[in-house]
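Only the coordinates and a few stated rules stand behind these numbers; no lab work does. What you see is a predicted model; the values in this text were computed from it and never measured. We place every Cβ from the backbone using ideal geometry, glycine too, and count neighbours over all the protein chains shown.
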Amino acid sequence: MEAFLVKLKLTACPHCKRTGSLIRHGFLHGYEEKNHHQKTVRAHRVFCSNRNRQVGCGHTFSVWLANKIRRLLLSADSLWAFLKQAVTSGNKLQAFRDLKSGLSDSTPYRIWKRFQAAQSAIRTALQPLCEPPQIPSPQPAALTVAHLEAAYQVTLQTFCL
């Protein structure tokens, strides 16, 4: 994150595509996963400045930390552990209880419903990264989790080379 923020002036605005106008504009805070009473930084706000003769567009956008997910209290690691265990065991509630997050028992069903609704968008986004693995499973969720795992292993391999 710090490397991105240091190179902010060299980064093009996603709205107007101009460089040299981006500045830090604060933080997005949210509750921590394990301590629901304490807030933490979840993302940085960035402003494309159009003030004082700057040529920016005036839009703001968020740059999320890698382990945070928008509109979800769970971290990316916890979500991944939940999805993998829910697919393998078939028991969403037990998979969620194993995380020991302290959230209500209806939370895993809301998360699962959101995951199911986003499966086609997830698979479409993963298609350019790698081919979907050929696994014999009648569950679309298992295929999506396997595709996620394959795509991120390919990404990590190319990143570490």
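Within segment 84-122, the trypsin sites (Lys or Arg not before Pro) that combine a DSSP coil assignment with at most 16 other C-beta atoms in a 10 angstrom radius are Lys100. Candidate membrane-span-like segments in the chain, meaning DSSP H helices with Cα atoms spread over at least 27 Å of their own axis and a Kyte-Doolittle mean of -0.5 or above, are 140-160, with no membrane implied. Using the Karplus relation 6.51 cos²θ - 1.76 cosθ + 1.60 with θ = phi - 60°, the per-residue 3J(HN,Hα) values for segment 51-68 come to 9, 6, 6, 7, 9, x, 8, x, 7, 10, 8, 10, 10, 7, 5, 4, 9, 10 Hz, with x marking Gly and Pro. Stretched out straight at 0.36 nm per residue, the stretch from Ile69 to Glu2 would grow longer than its current Cα-Cα span by 22.3 nm.
The relative contact order of segment 72-160, computed from alpha carbon pairs under 8 Å that lie at least 6 residues apart in sequence, is 23 percent.
Our note on the geometry: Cα centres of segment 46-68 and segment 15-38, 10 Å apart. Pick from Gln119, Gln94, Gln54: which is most flexible by mean-square fluctuation in a GNM of the chain where alpha carbon atoms under 10 Å apart are linked? Result for the chain, Cα springs under 10 Å: Gln54 fluctuates most.
What the phi angles of segment 28-34 give under the Karplus curve with 6.51, -1.76 and 1.60, with θ = phi - 60°, is a coupling list of 10, 9, x, 6, 6, 5, 8 Hz, glycine and proline written as x.
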